[in-house]
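The values are calculated or read from the model by the stated rules, or taken from the named source; none is laboratory data. The shown structure was predicted, so the numbers you read here are calculated from the model rather than taken from an experiment. Every residue, glycine among them, receives a Cβ derived from its backbone with ideal geometry; neighbour counts consider all protein chains shown. Ligands, DNA and RNA are stripped out before the accessible areas are found, and what is left, the full protein with its side chains, is counted by its heavy atoms. Shrake-Rupley method; radii C 1.70, N 1.55, O 1.52, S 1.80 Å.
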Amino acid sequence: MAVELTPPADSAPAAGPAVRLDLPAIARLRADLAAAHFTQAALDGLWGPDAADALRRNERLPALRALAALRARTGEPGALATLAELFLLGGRVPESEVQAALPQLGADGAIALGLLWPASAELIAPERSLRALLELRPYEFTDSRGHASWWITSDLGELARGGPLGEDHVLGVGGASRTLSALMLQNAVDSALDLGTGCGIQAMHAARHAGRVVATDISQRALELAAFNAALNEIEGVEFRLGSLFEPVAGERFDHVISNPPFVITPRVEGVPSYEYRDGGMVGDALVETVMRDAAAHLTPGGVLQMLGNWEYTAAVPDAFDRLQGWLEPALDYWIVEREVQSATRYAETWIRDGGTRSGTREFDQLFGAWLDDFADRGVTQVGFGYVLLRLSDETPTMARLERLHTPLGDNEWGLGVHLGNCLAAHDWHAAQSDAEFAEACLTVSGDVTEERHYWPGNEDPSELLLRQGGGFARTISPGTALAALVGASDGSLSVGAIAGALAQLLEVDEAELRAELLGGARRLLDDGILLPPEA
């Protein structure tokens, strides 16, 4: 799976290092990492909260100072500190310390796998120093199947490289990766597709609920790293294919498609780097449009695509949602949530810095000018970011949701995907019910919902009543008196119709009108996860 790696001393290959898919050697590496307790919690304890916080801002000096202090106190850094200095901080470590930290794999074994390389010209010196060719980082998460700990390899980041990223950079687990993995539906399916797998993290998550997984990428190196990561973490059932977007799976359909595609909007002009992990080679948001338009052809009936994406607001079409709706096939249910909007200026700054170019430099100003020229030429005023969920309906689509939810998420211990799955199931249940059938249903209130009342001093009646969702999207609903009373009475013992009848008498209003209002309101609250359907 790998290409032989024979770079000159102390220089990384121009095309990026390869890894060897040597399963016995990978097993020895796994044993060494486990024995060293190479976990995020152990690392945070190693250098303390201040250094850990600085590392999240790509500042490594506090962590290096903490390791130097440890060495001064103990004389020996220990396996955890050695691995941290090598794989996270970009340090050069004496071979004897590497040997002690990786006793089963050994320094030569790590070199043979493509993880390390001699950092000095003297390759036969007894105490040559070694440096990492790749980043190797612990990764932990909790989903509906429990807690898991993995190790993920990727290309060295800006911190270890000490400069801008290469255009063929294979990204590790970043904020977008964590967002998508948390969004992922977790119900069991036969097949899943990870479109643009990168280091393989989404394919690995999908393997926890899918019988088989296909992972594609335009980068051969990304596929090699993804296969290495799957082997390192003993994850089976993933097939890796080379190619762009849906090309490697032409004619195939999947129950679940996941994608963190290279959606970043980058000027297509000379002198602007195009990073494989984020820049899809199309103008504007055309890549997101392409994936959305092609989704239906690759989903089984009832199959779901989930992706992250950007969309442009333009002078010609001020509301980006109008453009998004034009990309959707009629057979699709859809739920699109915009989580953030950035001005064209802020968006350009964000992604130039993401590539490792620092502000205040001539290179930054040149890139900034190219970005702003591109946006101005195409009339782009803002860029939205959010979540896309598309589902191929086997009958008539019943879900059409376009939402702007720019506030923080709620507390989702097992990931937002569990909430999304519950909302989809609740929607499907009530969409299949006539109003007469729905009126006979006994609903309950989700356990994370609280009621908040505001009073003017001296008044007995509340001036405002709010329902707050603790999980999910942390929605705050102002339901009105009647709907709030229905929610309060929904303990599973009374039907929606019975509650509506009692409220009509209490409020002295027309029962038919109130019933229709409450049925519609209850359906919306089921869609949001505030009310729950009867237990099956």
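Here are the numbers for this structure:
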quantity	calculated
Among residues of segment 64-117, those that are modelled with pLDDT of 95 or more, open to solvent by 10 Å² or more (accessible area, probe 1.4 Å), hydrophobic (A, V, I, L, M, F, W, C) and outside any helix (DSSP H, G or I), counted	1
All helices (runs of 4 or more DSSP H) inside segment 168-262 with 2 or more residues being open to solvent by 20 Å² or more (accessible area, probe 1.4 Å)	175-183, 220-232
All positions within segment 440-449 that are touching a residue at least 12 places away in the same chain (Cβ under 8 Å) and either open to solvent by 80 Å² or more (accessible area, probe 1.4 Å) or more than 28 Å from Ala426 (Cβ to Cβ) (or both)	Glu440
Scan of segment 342-362 for residues that are touching a residue at least 60 places away in the same chain (Cβ under 8 Å) and hydroxyl-bearing (Ser, Thr, Tyr), ordered by number	Tyr347, Thr357
Filtered residue count, segment 293-327, keeping only those that are of a type in the set (Val, Ile, Thr) and closer than 18 Å to Ala344 by Cα	2
Listing of helices (runs of 4 or more DSSP H) fully contained in segment 459-531 that carry 2 or more residues being under 23 Å from Trp429 (Cα atoms), open to solvent by less than 20 Å² (accessible area, probe 1.4 Å) and touching a strand residue (DSSP E or B) at 6+ places or on another chain (Cβ under 8 Å)	481-489, 511-528
Yes/no for Glu452 being open to solvent by 80 Å² or more (accessible area, probe 1.4 Å) and either in contact with a Lys or Arg (Cβ under 9 Å, 6 or more places away or on another chain) or of a type in the set (Asp, Glu) (or both)	no
Subset of segment 323-361 [open to solvent by 40 Å² or more (accessible area, probe 1.4 Å), within 18 Å of Tyr275 (Cβ to Cβ) and hydrophobic (A, V, I, L, M, F, W, C)]	Trp351
Residues within segment 427-476 that are of a type outside the set (S, T, N, Q) and under 23 Å from Thr179 (Cα atoms), tallied	8
Answer residue from segment 24-63, given it is surrounded by 14 or more Cβ atoms within 10 Å (Cβ to Cβ) and in a loop (DSSP other than H, G, I, E, B) and is nearest to the chain's Cα centre (by Cα) among those	Thr39
Among residues of segment 420-432, those that are in contact with a Leu (Cβ under 9 Å, 6 or more places away or on another chain) and either open to solvent by 20 Å² or more (accessible area, probe 1.4 Å) or of a type in the set (A, V, I, L, M, F, W, C) (or both), counted	7
Number of positions in segment 287-322 that are within 19 Å of Val380 (Cβ to Cβ), open to solvent by less than 30 Å² (accessible area, probe 1.4 Å) and over 19 Å from the mean Cα position of the chain (by Cα)	5
Residue within segment 398-410 that is assigned to a loop (DSSP other than H, G, I, E, B), polar (S, T, N, Q) and either within 30 Å of Gln469 (Cα to Cα) or within 25 Å of the chain's Cα centre (by Cα) (or both) present	yes
Subset tally (residues that are among the small types (Gly, Ala, Ser) and open to solvent by 50 Å² or more (accessible area, probe 1.4 Å)) for segment 263-286	2
Segment 368-416: number of residues that are over 20 Å from Leu526 (Cα atoms), in contact with a Phe, Trp or Tyr (Cβ under 9 Å, 6 or more places away or on another chain), of a type in the set (A, V, I, L, M, F, W, C) and open to solvent by 20 Å² or more (accessible area, probe 1.4 Å)	1
